[in-house]
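Here is the structure we will look at.
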Amino acid sequence: MKVAYWPGCVSRGFTPELHGSMAQVAPKLGIELVELDRACCTGAGVIAEHSQELADTLNARTFALAQQEIGKGADLMMNICSTCQGAQSESQERLDANKVYRDHVNETLSKESLSYTEGIANKNFLWLLVEDYGLDRLKEKVVKPLTGLKVGPFYGCYIVRPADRLGIDEENPRDSYLSLVIEALGGTVIDYAGSHKCCGFPIITMAKDASLQMAARNLGDAQAADADCIVTPCPLCHLNLDLQQPIAAKLVPTPLNMPVLHLPQLVGLALGLSPKEIGLNKHVVKPTAVVDWSASVIAGVGGEGGGW
Amino acid sequence: MDTRKPPQDYTLRIRRYDPESGEAPYWDEHVIKLEPHRSVLEGLLQAKAKFDGSIGVRCSCRAAICGSCGVRVNGKPGLACHTHLDDALKRSKDGKITVEPMGNMPVIKDLIVDMDAVHWKKINRVTPWLIGKTPVPEREYVVDRLSMVDVTQTMACIQCGACVSDCLSMEVDPGFIGPAALAKAYRFVGDPRDAQQQERLKDLAEDPNGIYNCTHCFKCVEACPKGVAPMNQIMRLRRRAGADHHINDRNNGHRHEAAFVTLVRDGGLLHEAELLPRSYGGDSWFGKFAPKAGAELVASLPAITKALLRRKVTPKAALFPHKLAKPDLEAVQNIFDTVKAREERYELNLYVVGDDKDNDQPIEGAVGDRSTT
């Protein structure tokens, strides 16, 4: 499987372990990543807030670049960021719906001899795993099942709402895929109140207390539900839930210590990559529970009859 | 919708609570019998008529126009009269249809929440009437048709409170003006007859509970049974406040947006290390030296130090941002400049124009917000 791969900005900036772990996991799964290194930021909803046409044109350019790769044999376009998915899906919804608008946007792109044809398949790694790669195939690749690891899913708003724009329906219940993947990897899914809520990141500079309250509440809910860690397909959620966790923790009475994993990291663990290879050492909240689990499994496998 | 299917049994699990009783809330179950296309509201009314007259539920028109019967069905907000029993059953987790009162508002009894205490108070906060221009025209106001089409989306609101129920910003900060009231605000900010658009926008941008408190979670877009998409209206308020009225609010809202746009124009990719200080200090390289940016830096030190220690962020990455290669960066900047040079903001509102698939021929897209940039 070959994908036109859009890593996003944050995965190469403040969460380098995300892009890094994806690069480790892809060959293990047999996914070839053709990086769209000519493409620009999706705007993360903020450029659309400034000018819808600007955001749509920038994203149409990325789609056009991806379509060139698809023309050369890539199966589809893939991203690793809920926010990129949401911002791109929003642009795509408008571009695909209206030919007059699409022509207008393509007119701007024509200076670069680029053009977007409606109907690109652009999927987050999460969707690709379930819909294109297949959970059965994923299970076959698991060498170190996440047995006993309690994982709370955290989706990020942009990848679950609005449902119709994101293609979430009975046939493709994309708002439950994290649970399916955690189970396929052998882990235990923790059901908690915050899984589909907002991490608070978009208002961190405008309403810091409210923003961190959201993060703290979600983390606290997962902790109360006895999760060992949270997994998210969104690096922006990761910033608020992990990077800001020490500051968020000050706003709530309960001490918080909740490791937050990127989706490729969780997959990587089950595929046998070491915590260091997937960059778990780069997190602000040390994923001690996860690393300990990882070590105990190795000890268990080594010992006669399983030592744990 | 097939209306010929015979009646069948549905189990309703209803959240019951009477604050005056001093008892804790509890779940009550009733099996009702109705055709699958009938509504959850009809189910509730049957349960009330047949089994327990004390079930508290508010309703009136039963046709999704009065906005009285807002509830949560299987955890999602909406109108009880607008939710078919078969659809509700399909979305239930365990074969029972769960009906609860809406969130973010105090419960008066069972499914009835106190709309006055929250929703109507916030609606009143945004001066929900037209402030006419003076002198009053001798005859009627003559208004460009398209600009009125643009506000029809907000006029579709029936004040049911479904968006307020699930607003995630309001959940942690009850002071937030919220989706319904801000959509109502756009109703007048977007109306060319209103005389105080600048004042309205300044008020809502400067309010620490105003337009910049929306966390962009799409909950209200999903909740609204009428397609009002309150969050989209909030984004339009921001666009008008910042781009048209140049309101540099004290909540960092406009500075954050401006800094984001500038940084992506400069590098093609976002340079996060610059975004935070510029949001506080102002949209230029010097922004980080402003006192507000310094104070924020100090407050963020626990996070920054750990990020540096764990080599999540390296000093090199913080100082020298990732950038696109030159030809691509120039192409991207060209797009920025082309769009900026337009005389009018080209905004496509699918609520207004619909999808080509549903139209006989492609519709000119430039209806919607056409205010001059």
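Evaluate the following for residue A:226: is it at the interface with another protein chain (Cβ under 9 Å from one of its Cβ atoms) and either of a type outside the set (A, V, I, L, M) or over 30 Å from residue A:5 (Cβ atoms) (or both)? No, not satisfied.
Collect the residues in region B:295-313 that are at pLDDT 80 or above and part of a loop (DSSP other than H, G, I, E, B), keeping them in residue-number order. Once the filter is applied, which keeps residues that are at pLDDT 80 or above and part of a loop (DSSP other than H, G, I, E, B), region B:295-313 yields B:300, B:310, B:311, B:312.
If I filter region B:93-104 for residues that are outside any loop (DSSP other than H, G, I, E, B), within 18 Å of residue B:232 (Cβ to Cβ), open to solvent by 40 Å² or more (accessible area, probe 1.4 Å) and not hydrophobic (A, V, I, L, M, F, W, C), do I get at least one hit? Scanning region B:93-104, I find no residue that is outside any loop (DSSP other than H, G, I, E, B), within 18 Å of residue B:232 (Cβ to Cβ), open to solvent by 40 Å² or more (accessible area, probe 1.4 Å) and not hydrophobic (A, V, I, L, M, F, W, C), so the answer is no. Restricted to region B:273-283, and to residues there that are closer than 20 Å to residue A:16 by Cβ and more than 26 Å from the chain's Cα centre (by Cα), the residue that is surrounded by the fewest Cβ atoms within 10 Å (Cβ to Cβ) is B:273. Only one of the listed residues (B:72, B:58) is among the basic types (Lys, Arg) and in a strand (DSSP E or B). That residue is B:72. Residues in region A:162-212 that are farther than 29 Å from residue A:144 by Cβ, surrounded by 17 or more Cβ atoms within 10 Å (Cβ to Cβ), of a type in the set (D, E, K, R) and touching a Lys or Arg at 6+ places or on another chain (Cβ under 9 Å): A:197 only. Of note, residue B:286 satisfies the criterion of being out of contact with any Pro (no Cβ under 7 Å at 6 or more places or on another chain), open to solvent by 50 Å² or more (accessible area, probe 1.4 Å) and assigned to a helix (DSSP H, G or I). Taking the listed residues B:229, B:223, the one that is in contact with a strand residue (DSSP E or B) (Cβ under 8 Å, 6 or more places away or on another chain) and buried (at least 24 other Cβ atoms within 10 Å of the Cβ) is B:223, with no other qualifying. Of the helices (runs of 4 or more DSSP H) lying entirely inside region A:218-287, the ones with 1 or more residues being open to solvent by 10 Å² or more (accessible area, probe 1.4 Å), of a type in the set (Val, Ile, Thr) and more than 26 Å from residue A:23 (Cβ to Cβ) are found at A:245-248.
Per-residue answers, yes or no, for (1) out of contact with any helix residue (DSSP H, G or I) (no Cβ under 6 Å at 6 or more places or on another chain); (2) within 9 Å of chain A (Cβ to nearest Cβ); (3) in contact (Cβ under 8 Å) with a residue 24 or more places away in the chain:
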{"position": "B:225", "(1), (2), (3)": "no, no, yes"}
{"position": "B:231", "(1), (2), (3)": "no, no, yes"}
{"position": "B:237", "(1), (2), (3)": "no, no, yes"}
{"position": "B:241", "(1), (2), (3)": "no, no, yes"}
{"position": "B:247", "(1), (2), (3)": "no, no, yes"}
{"position": "B:262", "(1), (2), (3)": "yes, no, no"}
{"position": "B:288", "(1), (2), (3)": "no, no, no"}
{"position": "B:299", "(1), (2), (3)": "yes, yes, no"}
{"position": "B:303", "(1), (2), (3)": "no, yes, no"}
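Taking every residue in region B:34-56 that is among the polar types (S, T, N, Q) and pairing it with any residue that is part of a helix (DSSP H, G or I), at least 6 positions away or on another chain, the pairs with Cβ-Cβ distances below 8 Å are B:39/B:80; B:39/B:81; B:39/B:82; B:39/B:85.
Only residues that are of a type in the set (Lys, Arg) and within 10 Å of chain B (Cβ to nearest Cβ) were counted in region A:27-61, giving 2.
Considering region A:85-121 alone, what residues qualify as being among the polar types (S, T, N, Q), touching a residue at least 12 places away in the same chain (Cβ under 8 Å) and at the interface with another protein chain (Cβ under 9 Å from one of its Cβ atoms)? Scanning region A:85-121 gives a single hit, A:108.
Going by what's in this entry, would residue A:145 be described as under 17 Å from residue A:265 (Cβ atoms) and surrounded by fewer than 23 Cβ atoms within 10 Å (Cβ to Cβ)? Judged against the criteria, residue A:145 is a match. If a residue must be among the hydrophobic types (A, V, I, L, M, F, W, C) and more than 7 Å from chain A (Cβ to nearest Cβ), how many such residues does region B:249-260 contain? Qualifying residue count, region B:249-260: 2.
Within region A:18-38, residues that are open to solvent by less than 30 Å² (accessible area, probe 1.4 Å) reach partners that are among the polar types (S, T, N, Q) with beta carbons closer than 7 Å, at six or more positions or on different chains, in the pairs A:18/A:11; A:21/A:265; A:36/A:62.
The residue list B:70, B:75 contains one member that is surrounded by fewer than 17 Cβ atoms within 10 Å (Cβ to Cβ) and farther than 20 Å from residue B:188 by Cβ, which is B:75. Among the helices (runs of 4 or more DSSP H) confined to region B:109-202, the ones with at least 1 residues that are open to solvent by 40 Å² or more (accessible area, probe 1.4 Å) and modelled with pLDDT under 95 are located at B:145-155. Scan region A:82-89 and tell me whether some residue there is under 21 Å from residue A:15 (Cβ atoms), assigned to a loop (DSSP other than H, G, I, E, B) and either in contact with a Cys (Cβ under 7 Å, 6 or more places away or on another chain) or of a type in the set (Asp, Glu) (or both). No, region A:82-89 contains no residue that is under 21 Å from residue A:15 (Cβ atoms), assigned to a loop (DSSP other than H, G, I, E, B) and either in contact with a Cys (Cβ under 7 Å, 6 or more places away or on another chain) or of a type in the set (Asp, Glu) (or both). Just one of the listed residues (B:323, B:292, B:316) is more than 8 Å from chain A (Cβ to nearest Cβ), open to solvent by 40 Å² or more (accessible area, probe 1.4 Å) and in a loop (DSSP other than H, G, I, E, B), and it is B:323.
The values are calculated or read from the model by the stated rules, or taken from the named source; none is laboratory data. From a predicted model like this one, the values you see are computed outputs, not experimental measurements. Here the Cβ is made from the backbone with ideal geometry for all residues, glycine too, and neighbour counts use every protein chain on show. Side chains are part of the model used for accessible areas, which takes the heavy atoms of the whole protein and leaves out ligands, DNA and RNA. Shrake-Rupley method; radii C 1.70, N 1.55, O 1.52, S 1.80 Å.
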